[in-house]
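Undergrad: Below are the C-alpha cells for one structure; questions will follow.
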Amino acid sequence: MNIRNLMVTGGCGFIGSNFIRYLLDQEDFTGRIVNVDKITYAGNPENLADIPARHPGRYVFERADICDFDTLREIFRKHEIDGICHFAAESHVDRSIKRPGAFVETNILGTYHLLEIARAAGDRFVLFHHISTDEVYGSLGKRGLFRETTPYRPSSPYSASKAASDHLVRAYFKTFGLPVTLSNCSNNYGPYQFPEKLIPLMTLYALERKALPVYGDGKNVRDWLYVEDHCKAIWRIMKAGRRGQTYNIGGNMEMENISIVEMICDILDETAGTLRGGPRRRLITFVKDRPGHDRRYAIDFTKLRKELNWTPAESFRTGLEKTVRWYLDHPGWIERIRTGEYRTWIQEQYGS
C-alpha cells in the first residue's frame, strides 16, 4: 500500500492526534498527512503543535466540517488525497442523549460525504479506513465477547449513528468496489484525552479533591485499550487488512468502572500524596445511572491477532500509570482545556 497524501479526519481529537503522532514516526509511512478537523469542543490543535517543526513538509492542517461537502471536495482536490483514515465523530454517549441530532449529522451524513468524494476519485484512491466502536454491538451479559459477526444492537443515539456509518462504509465496498477497511475498538485511554471521559475526568477531579461521580453501582464493565496500541493496530489493518473486512481491536483488559476509579485514587495517593482527610477513595460518590447504560462490553480480537499478528503491548496498570503521569506532567494543557483558553488560541489562529 502506497498512500502519498492521507486525509485524517478528526486529527485534533484524542485518538486522531495520537495516530498522527504515531504514523509520522513510522519508517514505512513516507507520505504526507492532511488533518481535517472542525475543531469542536473536544478538538485541540495544541495536541499537534510541535508536529510541523518535527516533520517539515509532511503535515497540513485544514479546518473544515465533514458535513460541508463542497469544502471537503476542494481539500481533497487541492491536496491530491489518495487515502482517508476517518476518526471524526461526535463520540460522547451523554451528549448524544441530550443532542442526538448532532450525532446523526456528523456521524452519518459526514461519513457519507467522505465516501462520495473518495468514490469520485476512481482508481487513484487507495483506501478508506473507518474507525468505529464496540458500542454498536450493544450490551453483553456476564459472559461472552463481541466478535466481528456479532449482530448490531446499539443502545444510544451515539452508537446507533456509528452503526449506521459502519453499514454505509460496507455498502460502498460491496456496491461500488471502494477499497475500505473498518475497525471497531474498545474503550481507549491515554494522553490528550478530553476530560469528559472516565479516566481523565476522575484523575482531574481526584487531584482537585472533588467528589468522584460513579454511575449506578459502578460495576459496568468495559474492555480498555491503550491509545498507542490502538494506533499500531489501525496502521497494521490499513497496510495488510483484507479490503471490505472489519477487525475488532481490544485490549484484553476487562475492568469494572469502580475498580478503575479506585486504581486512579491509589496511583494519585502514591505519586501526589494522600489528602488531609485520608485516601482519595473517600471521594467516590455513586450517582443515578444514565439511561440505556450498557452493562458490559468485551472484545474478541482473535481475527486481528491471527491474520495480522497484533496483540496489545500495554497492560492496564502500566498504561493507567503512564496516563495519570501525563496529566500530572501537563498542568498547562489541562488548565487551558478547563478554562477554555484554548478556544481563544484557536480563534486567534483560525478564526471563530
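The values are calculated or read from the model by the stated rules, or taken from the named source; none is laboratory data. Owing to the predicted nature of the structure, the values given are computational and were not obtained by experimental measurement. Cβ: placed from backbone, ideal geometry, glycine included. Neighbour counts: every protein chain shown.
Undergrad: With the condition kept exactly as written, say whether any residue in segment 145-159 is in a helix (DSSP H, G or I), modelled with pLDDT of 95 or more, of a type outside the set (Gly, Ala, Ser) and surrounded by fewer than 22 Cβ atoms within 10 Å (Cβ to Cβ).
TA: No: zero hits.
To keep it simple, each residue is scored yes or no on (1) among the acidic types (Asp, Glu); (2) in contact (Cβ under 8 Å) with a residue 60 or more places away in the chain; (3) buried (at least 18 other Cβ atoms within 10 Å of the Cβ); (4) in contact with a Pro (Cβ under 7 Å, 6 or more places away or on another chain).
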| position | (1), (2), (3), (4) |
| --- | --- |
| Met202 | no, yes, yes, no |
| Asp217 | yes, yes, no, no |
| Ala233 | no, yes, yes, no |
| Gly244 | no, yes, no, no |
| Glu262 | yes, no, yes, no |
| Asp266 | yes, no, no, no |
| Thr274 | no, no, no, no |
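Undergrad: Answer yes or no: is there a residue in segment 23-32 that is in a loop (DSSP other than H, G, I, E, B), among the hydroxyl-bearing types (Ser, Thr, Tyr) and over 27 Å from Arg119 (Cα atoms). Write out each step before concluding.
TA: Residues of segment 23-32 in a loop (DSSP other than H, G, I, E, B): 25-31.
Narrowing the set further to residues that are among the hydroxyl-bearing types (Ser, Thr, Tyr) leaves 30.
Keeping just the survivors that are over 27 Å from Arg119 (Cα atoms) gives none.
No, segment 23-32 contains no residue that is in a loop (DSSP other than H, G, I, E, B), among the hydroxyl-bearing types (Ser, Thr, Tyr) and over 27 Å from Arg119 (Cα atoms).
Undergrad: Still on this structure, I have one more. Any residue in segment 74-87 that is buried (at least 18 other Cβ atoms within 10 Å of the Cβ) and under 21 Å from Asn220 (Cα atoms)?
TA: no
Undergrad: From the list Ile237, Ile284, Ile249, which one is crowded, with 16+ Cβ neighbours inside 10 Å and more than 22 Å from Thr181 (Cβ to Cβ)? Show your work before the answer.
TA: On the way: Ile237 fails: more than 22 Å from Thr181 (Cβ to Cβ); Ile249 fails: more than 22 Å from Thr181 (Cβ to Cβ).
Among Ile237, Ile284, Ile249, only Ile284 is crowded, with 16+ Cβ neighbours inside 10 Å and more than 22 Å from Thr181 (Cβ to Cβ).
Undergrad: Residues that are in contact (Cβ under 8 Å) with a residue 60 or more places away in the chain and over 21 Å from Tyr152 (Cα atoms), at least 2 per element: which helices (runs of 4 or more DSSP H) completely within segment 93-135 meet that? Full working, then the answer.
TA: On the way: elements: 93-98, 100-103, 110-120.
Counting at least 2 such residues, we get 110-120.
Undergrad: Condition test on Gly43, is it exposed (fewer than 14 other Cβ atoms within 10 Å of the Cβ) and either in contact with a helix residue (DSSP H, G or I) (Cβ under 8 Å, 6 or more places away or on another chain) or not in a helix (DSSP H, G or I) (or both)? Please lay out each step first, then the result.
TA: On the way: exposed (fewer than 14 other Cβ atoms within 10 Å of the Cβ): no; either in contact with a helix residue (DSSP H, G or I) (Cβ under 8 Å, 6 or more places away or on another chain) or not in a helix (DSSP H, G or I) (or both): yes.
Against the criterion (exposed (fewer than 14 other Cβ atoms within 10 Å of the Cβ) and either in contact with a helix residue (DSSP H, G or I) (Cβ under 8 Å, 6 or more places away or on another chain) or not in a helix (DSSP H, G or I) (or both)), Gly43 does not qualify.
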